[in-house]
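Structure first, then comments.
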Amino acid sequence: MNSFPARDAQRRAFLSETDFTDSHLVPMQQDASFRRYFRLDDGEHGWLLMDAPPDTENLTAWLDIRSHLADLGLRTPAVLRSDVPHGFALIEDFGDQTFTRLLDGGEAPDELYAQATNLLTHLHRQPNVFLDALKPYDLDALMTEAILLPDWFLPLIFGKPIAAEDRNRYRQIWEQVFASLPTPAISLVLRDFHVDNLIRLPAATAPHTVGLLDFQDALIGPMAYDLMSLLEDARRNLPPSLAEQMQQRYFQAMPLLEMENFKLWYRILAAQRHCKVAGIFSRLALRDNKPNYLAHIPRVLSLLQMHLDEPLLRPLADWLRAHGIAGDPPEIPADYRSIRRTLNLGGGATD
């Protein structure tokens, strides 16, 4: 892991080839990935050290997509130097004004979410948005994500793996759902577009007033995904009126969009994402010993419940109900470590 002394030495070796050899590294709050960021305490705070261990993180993808998004007129961190084989980059420090912090500090959400929505419409209107290196957000990718719910959330709730036949039925339901959908409008999908990954910048004009922080998992897929990701945030409650307002803002900026097609994909992708996120948050606790995200699972299940009246999702609703998920949300176990031991995933505080 990147906390070992050997990784510390690699960081210093990377910095020794820059003007920041003697800079003090101030660790920043870690996210759900294995990436870490360090602010260079050189008196100006102009640069960050990104530590992206090559065995778990794809720095090449981050660099390539960063450049592509910048070419499309979006604001991504400048890169001073990178070392892909060792997983390091010196990147521009955008500061601390993430949309999350601004909202928590009492700023009115309407303007912030309007800026985020405007950024998406700018991106989706670009004729050269497609990047050859990006893979499609296809059935295989969507299924790999959706299956995280039976593979990780159900074991968290019931303390044992799901039966193979139940898992197979869940997969068949999702395959049938996606087979029944019309062809979607497609674009570059950032896939993790929410207020934690957006930051206010002191630019004069949009879209450079918003900085993008997390985009290395981008694919080419259904255009509805990122707007849904923004407005159905796993970590934050949004008033339904605000979500509706932002959807209408998006539609007004995209007059050629087939609205009913978009709305149907929006609902299906919302259900898929909420299944995925419930699985991811469970996996973070069970596999990675990061339990903080468990607190958000009730919100995720509530968001999922909102879409289960969609006719295409009725088989999924029945499956979830049969497994105690639809309707009243199941209780999240307080002692996740005992479940880790039951599943042979360890149980100590640092394993």
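What is the set of long-range amide H partners of Leu198 at a cut-off below 5 Å, with H atoms built 1.01 Å from backbone N? HN-HN under 5 Å from Leu198: Phe99, Thr100. An ellipsoid equivalent to the range 235-351, defined through the eigenvalues of its Cα gyration tensor, has semi-axes of 33, 17, 12 Å when rounded to whole angstrom and sorted largest first. What lysines does Lys263 reach when the alpha-carbon gap must be under 20 Å and sequence neighbours fewer than 8 apart in one chain are set aside? Within reach: Lys276. Using the Cβ-Cβ distance between Val84 and Asn168 with R0 set to 41 Å, the FRET efficiency from 1/(1 + (r/R0)^6) comes to roughly 0.55.
Modelled label positions at Lys263 and Arg341, each set 7 Å beyond Cα in the direction of Cβ, lie 5.2 nm from each other.
Taking loop as defined by DSSP and a crowding limit of 14 other beta carbons within 10 Å, which GluC sites (Glu not before Pro) in the range 243-351 fit?
The qualifying sites are Glu258, Glu331.
From helices alone, the chain scores -13000 deg cm²/dmol at 222 nm; the rule is -39500 (n - 2.57) for each run of n ≥ 4 DSSP H residues, then divide by the residue total.
Extension gain, Asp64 to Val26: 0.36 nm times the residue separation minus the Cα-Cα distance gives 11.0 nm.
Checking understanding here: applying a Kyte-Doolittle mean of at least 0.0 and a length along the axis of at least 27 Å (C-alpha), which whole DSSP H helices in the chain pass? Let's see the in-between values first.
Working: long enough: 259-286 (40 Å, 0.26).
Flagged H segments are 259-286.
Simple spin-label estimate for Ala114 and Thr56 gives 4.0 nm between the two label positions (7 Å along the Cα-to-Cβ direction from each Cα).
Look at the Cα gyration tensor of the chain: its axes a ≥ b ≥ c give a/c of at least 1.5 with a/b at or below b/c, and that counts as oblate. Taken along the Cα-to-beta-carbon direction at a fixed 7 Å, the label points for Thr144 and Ala295 span 3.1 nm.
Counting Lys +1, Arg +1, Asp -1, Glu -1, what net charge surrounds Ser229 among other residues with beta carbon under 13 Å of its beta carbon?
Working: positive: Arg191, Arg235, Arg236, Arg273, Lys276; negative: Glu145, Asp192, Asp196, Asp214, Asp217, Asp226, Glu232, Asp233.
Net local charge, Ser229 excluded: -3.
For Thr76, the solvent-accessible surface computed with a 1.4 Å probe is close to 10 Å², ligands and nucleic acids excluded.
Along each principal axis, taking the top coordinate minus the bottom one, the Cα set of the range 24-124 gives 41, 31, 26 Å in descending order.
The values are calculated or read from the model by the stated rules, or taken from the named source; none is laboratory data. Keep in mind it's a predicted model, so treat the numbers as computed, not measured. Methodologically, a virtual Cβ is constructed for each residue, glycine included, from the backbone with ideal geometry; neighbour enumeration extends over all protein chains shown. These accessible areas exclude ligands, DNA and RNA; they are computed on the full protein's heavy atoms, side chains included. Shrake-Rupley method; radii C 1.70, N 1.55, O 1.52, S 1.80 Å.
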